[in-house]
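The next block holds one structure in the form of structure tokens; read it before the comments.
The values are calculated or read from the model by the stated rules, or taken from the named source; none is laboratory data. Model, not experiment: these values are computed from the prediction. Backbone-built Cβ (ideal geometry, glycine too); neighbour counts: all protein chains shown.
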């Protein structure tokens, strides 16, 4: 093998590494910005970016820019342990699980699906098939509907396409019905799952971060006969607000805790 033969793969690997290294901040990047930061020729940069999108290492936004994707989470969920969002959210997720006795999820939207970044819960959690790094069609879950409500129409259509019959007999299966549901979710800032992802399970979810681009969503899930949907709205919202405040390093005092919100609702 000639020196030229050995250098070609290394050169391509170096270019991929350069492009991935360019995404070392919170902002998304256009092709032009990637070219400026890396020095990789535009045609090569565009080809590499599109390949990274196909393997879900990058996500291609509707405005044409690129940002880091979530494909790495499928490698056993190891990347989730280094994820800032998960790290910040963890104490609030534990508090929510402890005070309700139910399972709490943290999830993000990846195209038409939700990806679970964390799952907190006791013995009941074992009965739920959700797992860190696992995926579900977004329109079948409370966390998914919370995020789909603020996503583009393509994400909504794609979610229905990957699971047109849903997961249970209660799943939403038509575009018209999903539009109605997401409009309701968007107005209230809360989403319910009444046995739509799994028979016998109910969930209440809230977005983490303000519209129109919430960073994630959290949910409380449990036996549908035990989930008090309206009563759980306040503590779920409060926990989501706390997570966002911590992520944004907001000034001022700590907001009312999710536990206090839950106790206030229980006293009504």
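Cβ-Cβ under 7 Å, sequence separation 6+ or interchain: first residue in the stretch 52-64 and in a loop (DSSP other than H, G, I, E, B), partner modelled with pLDDT of 90 or more. Which pairs? From residues that are in a loop (DSSP other than H, G, I, E, B), the pairs are 64/30. Answer with yes or no whether residue 158 is modelled with pLDDT of 85 or more, closer than 23 Å to residue 182 by Cα and in a helix (DSSP H, G or I). Criteria met by residue 158.
Exactly one residue among 141, 225, 146 is surrounded by fewer than 16 Cβ atoms within 10 Å (Cβ to Cβ) and under 24 Å from residue 125 (Cβ atoms), and that residue is 225.
Among the residues of the stretch 34-57, none qualifies, meaning not one is modelled with pLDDT under 90, within 26 Å of the chain's Cα centre (by Cα) and over 29 Å from residue 212 (Cα atoms).
Of (1) at pLDDT below 95; (2) in a helix (DSSP H, G or I), residue 210 satisfies all except one. Which? Condition (2) is where residue 210 drops out.
Please work out if residue 93 is part of a strand (DSSP E or B), touching a strand residue (DSSP E or B) at 6+ places or on another chain (Cβ under 8 Å), within 20 Å of residue 235 (Cα to Cα) and modelled with pLDDT of 95 or more. No; evaluated as a whole, the condition is false for this residue. Quick check on the stretch 176-195: of everything there that is assigned to a loop (DSSP other than H, G, I, E, B) and within 18 Å of the chain's Cα centre (by Cα), which residue is surrounded by the fewest Cβ atoms within 10 Å (Cβ to Cβ)? Checked the stretch 176-195; the qualifying residue surrounded by the fewest Cβ atoms within 10 Å (Cβ to Cβ) is 189.
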